[in-house]
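Structure first, commentary second.
Any read-out appearing in this document is the output of simple, stated calculations on the displayed coordinates, not a laboratory observation. It should be emphasised that the depicted structure is a prediction, and the values quoted were computed from it without experimental measurement. Note that each Cβ is placed from the backbone with ideal geometry, even for glycine, and that neighbours are counted across all protein chains shown.
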Amino acid sequence: MLLQQLCSSLCPYCGEMIELLVDSSVPQQDYIEDCQVCCQPMRVLVSIDENDVPSVETFHEND
Ligand SMILES: [Zn+2]
């Protein structure tokens with residue numbers, strides 16, 4: 001079973017496409033990660049569905 005999956009999302013600050021490595025063994029995740037493009041801290045929410053498919057949302061850190 002694949003436990004780490006690469007997901008793409010858009011940075012809430014600069015709007016660039018970024019890639020996030022998601023651990024799909026944890027069904028709900030909420031963490032801060034720096035954007036790979038503009039280095040600003042964004043809040044990442046991950047939910048894993050019953051088929052182990054992650055969906056990723058990114059927010060400004062202070063929203
Ligand atoms: Zn950015």
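Scanning segment 36-52 for residues that are more than 10 Å from the chain's Cα centre (by Cα) and either more than 14 Å from Ser8 (Cα to Cα) or surrounded by 15 or more Cβ atoms within 10 Å (Cβ to Cβ) (or both) yields a count of 9. Quick check on segment 11-31. Is at least one of its residues surrounded by 16 or more Cβ atoms within 10 Å (Cβ to Cβ), of a type in the set (A, V, I, L, M) and closer than 15 Å to Glu61 by Cα? Within segment 11-31 (the criterion being surrounded by 16 or more Cβ atoms within 10 Å (Cβ to Cβ), of a type in the set (A, V, I, L, M) and closer than 15 Å to Glu61 by Cα), the answer is no, since none of the residues qualifies.
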